[in-house]
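Right, one structure below, let's go through it.
The values are calculated or read from the model by the stated rules, or taken from the named source; none is laboratory data. Remember, it's a predicted structure, so these values are computed and weren't measured experimentally. Virtual Cβ from ideal backbone geometry, glycine too; neighbours counted across all protein chains shown. Please note that ligands, DNA and RNA were not included when accessible areas were found on the heavy atoms of the full protein model with its side chains. Shrake-Rupley method; radii C 1.70, N 1.55, O 1.52, S 1.80 Å.
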Amino acid sequence: MKGSAARMAARRPALMGHEHMLRSRLAGTGSYLPEKVLTNHDLERMVDTSDAWIFARTGIRERRVSVDETSSEMGAKAAKNALKAAGLHPRDIDLVVVGTVTPDMAFPSTACFIQSRLGIRPGAAAFDVSAACSGFLYALDAADKYIRSGSAHNALVIGVDRFSKIIDWKDRSTCVLFGDGAGAVVLKAEKGRHGILSTRIHSDGRRWEMLYAPNTCQPSPFEASEPVLPYLRMQGNETFKIAVRTMGGAIAEVMEENGLKPEDITCLVPHQANLRIIEAIRERLKLSPDKVVTNLEKYGNTSAASIPIALDEAVREGRIKANDIILFVAFGGGLTWASSVVRW
Ligand code: UT7
């Protein structure tokens, strides 16, 4: 290769070649939302808020809440839909990775419960990843690495959260923001140009107090300190600013790594925390609104579930086609953040 062709290949490694590389192909997507709808007007009767405030500040109109379904029940339903879309049977799955911070129990993992619910072969590997709203991309990255190394062939990656269990329903600054749900993808090992091109995950534990939920375990009789309330706490305004800055940087990182320019991106599927955050990111990238998937008007912030739910909806609406370049970006408690590029 000479001259401009060589320069192109050096600048755009992911868009050229790599025909023989083992990759994780996204073979199917699925999602599940609990039936109960909680509207902004319903919340007006619970706390001092208004539909107008919530919609203007966040873009949310309503969200779903689980009445009695656990994270593993919701996750299993989403996974079932993803398996169906991929044309695979639970017996084909050799790895289950679940991003969640609202597991059914402290242990076993939600992934083990989902393995059992779906009838996935005993002996397959199953584990949870705790990265709050970045949980799905963290789980995706872990599963991708097992597949690329040849340790797994077909993986289920699930993002699920049931924040209705950890929300203080008397705190208007947080209870209007979140919803419950689950999303899943099936990853299949395949040689070629399609699939996950790269994923980057990051964290900064120094700033955990921006967004956290203490655990709900009983205080031990030996504990010296006062028990803390189990509810989620967030410094909303400061988190907002960090989220915009950090997600912008995470996008730039994977785009640069893959030699991508904004016009190469067919579809951005961002974490659905706040429409104003998503708009700021979209404007920075100069993407047209039709290239950005948003659904937080209907579901609010579903934490680890938000990206796979949005992806599944976009796929089912026919918005994503073969060879499209899809960009994912997330930000959450930890603090954690992550980004990924996929060729469909
Ligand atoms: O998913 C993980 C990452 N999470 C995020 O990225 C979320 C980031 N943060 C946000 O989305 C926004 O900061 C919020 C939507 C949480 C808040 O919006 P804001 O524009 O940052 O508002 P604020 O926190 O600065 O509050 C503005 C005012 C305050 O009143 P004063 O002090 O100005 O009188 C709040 O008390 O709005 C008040 N307020 C409310 N009013 C009506 C706060 N919550 C509500 C409410 N209804 N639900």
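Set side by side, the residues VAL269, VAL176, VAL244 differ, and just one is more than 19 Å from the chain's Cα centre (by Cα), under 30 Å from ARG316 (Cβ atoms), within 16 Å of the ligand (Cβ to nearest atom) and not aromatic (Phe, Trp, Tyr), which is VAL176.
Among the residues making up segment 78-103, those that are charged (D, E, K, R) and open to solvent by 50 Å² or more (accessible area, probe 1.4 Å) are LYS80, LYS84, ARG91, ASP92. Can you tell which of GLU279, GLU297, GLU313, GLU317 is crowded, with 18+ Cβ neighbours inside 10 Å and acidic (Asp, Glu)? Answer to the selection: GLU313.
Taken over segment 130-180, residues that are of a type in the set (Lys, Arg) and either crowded, with 20+ Cβ neighbours inside 10 Å or in contact with a strand residue (DSSP E or B) (Cβ under 8 Å, 6 or more places away or on another chain) (or both) amount to 2.
Can you spot a residue in segment 236-244 that is in contact with an Asp or Glu (Cβ under 8 Å, 6 or more places away or on another chain) and at pLDDT 95 or above? Scanning segment 236-244 turns up no residue that is in contact with an Asp or Glu (Cβ under 8 Å, 6 or more places away or on another chain) and at pLDDT 95 or above.
Output yes when any residue across segment 253-263 is in contact with a helix residue (DSSP H, G or I) (Cβ under 7 Å, 6 or more places away or on another chain) and surrounded by 13 or more Cβ atoms within 10 Å (Cβ to Cβ), and no when none is. Within segment 253-263, one or more residues are in contact with a helix residue (DSSP H, G or I) (Cβ under 7 Å, 6 or more places away or on another chain) and surrounded by 13 or more Cβ atoms within 10 Å (Cβ to Cβ). Of the listed requirements (1) open to solvent by 10 Å² or more (accessible area, probe 1.4 Å); (2) of a type in the set (A, V, I, L, M); (3) within 30 Å of TYR231 (Cβ to Cβ), LEU118 misses just one: (3).
For segment 116-124, the criterion of a residue being within 16 Å of the ligand (Cβ to nearest atom), at pLDDT 95 or above and in a loop (DSSP other than H, G, I, E, B) is satisfied by no position. The residues of segment 195-230 that are modelled with pLDDT of 95 or more and not hydrophobic (A, V, I, L, M, F, W, C), listed by number, are GLY195, SER198, THR199, ARG200, HIS202, SER203, ASP204, GLY205, ARG206, ARG207, GLU209, TYR212.
ALA106 satisfies every condition listed in (1) modelled with pLDDT of 95 or more; (2) more than 15 Å from the chain's Cα centre (by Cα) except (1).
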